[in-house]
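Note sheet for the following structure.
The values are calculated or read from the model by the stated rules, or taken from the named source; none is laboratory data. Worth saying up front: this structure is predicted, and the values here are computed from it rather than measured. Quick reminder, even Gly has a Cβ in these numbers, built from the backbone with ideal geometry, and neighbours come from all protein chains shown. Accessible surface areas use protein heavy atoms only, side chains included; no ligands, DNA or RNA. Shrake-Rupley method; radii C 1.70, N 1.55, O 1.52, S 1.80 Å.
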Amino acid sequence: VLEATSATADFERDGDTLIHYTGTASAVSVPAGIREIAPEAFADQNGITKVYIPSSVEKIGEGAFRNCTNLKEVSLSDGLITIESGAFAGCSSYADGVLYDRDKAKLIEVMPGREAETLNMPTTVTDIERYAFWGQEHLKEVTLSPNLSEIPEYAFSNCINLQKVSIPY
């Protein structure tokens, strides 16, 4: 758990929606009581390395953390219901370039900066977000989790070099 390192004044709010972050802290805790992080609220904040998102947050908007190129750690809670498309687009620092939920049961997004040609999905994955692999130009081969029951619409959209998807029995 990250400790709050940002002052309340660093957050522009509209009710329970965080509109924009204006601070300079490297470790940021979203204030308790925020239910939604607006689109592009943290976009282009290259100084951020860690973000703690409390259980009150139910939705992270489109591009909310777009181009936070030094973001290495995001703590998500069980209260989170929706992560919109491209919420972490342009963020290049993740373990193997893939964003999962806490239990690695849901594959949320394969980061745009990932250059690996193969991906072996962990067997813990049971769900994939729509557009999760969108635009993966380096990806050539994917081995799906045997516990995955459905591939959502557009999961592999614009994967121009994808040649093989292995579906376990």
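Summary table below
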read-out: The stretch 143-169, subset aliphatic (A, V, I, L, M) and assigned to a loop (DSSP other than H, G, I, E, B), residue surrounded by the fewest Cβ atoms within 10 Å (Cβ to Cβ); value: 160
read-out: Residue identified as closer than 25 Å to residue 113 by Cα, assigned to a strand (DSSP E or B) and at pLDDT below 90 among 74, 28; value: 74
read-out: Residue within the stretch 31-48 that is open to solvent by less than 40 Å² (accessible area, probe 1.4 Å), at pLDDT below 95, part of a loop (DSSP other than H, G, I, E, B) and closer than 18 Å to residue 99 by Cα present; value: yes
read-out: Qualifying residue in the stretch 102-120 (condition: at pLDDT 90 or above, part of a loop (DSSP other than H, G, I, E, B) and buried (at least 16 other Cβ atoms within 10 Å of the Cβ)); value: no
read-out: Residues that are assigned to a loop (DSSP other than H, G, I, E, B) and of a type in the set (A, V, I, L, M), drawn from the stretch 129-142; value: 132, 139
read-out: Pairs, first at negative phi and small (Gly, Ala, Ser) in the stretch 123-140, second open to solvent by less than 70 Å² (accessible area, probe 1.4 Å) and in a loop (DSSP other than H, G, I, E, B), C-beta under 9 Å, six or more apart; value: 132/152; 132/155; 132/156
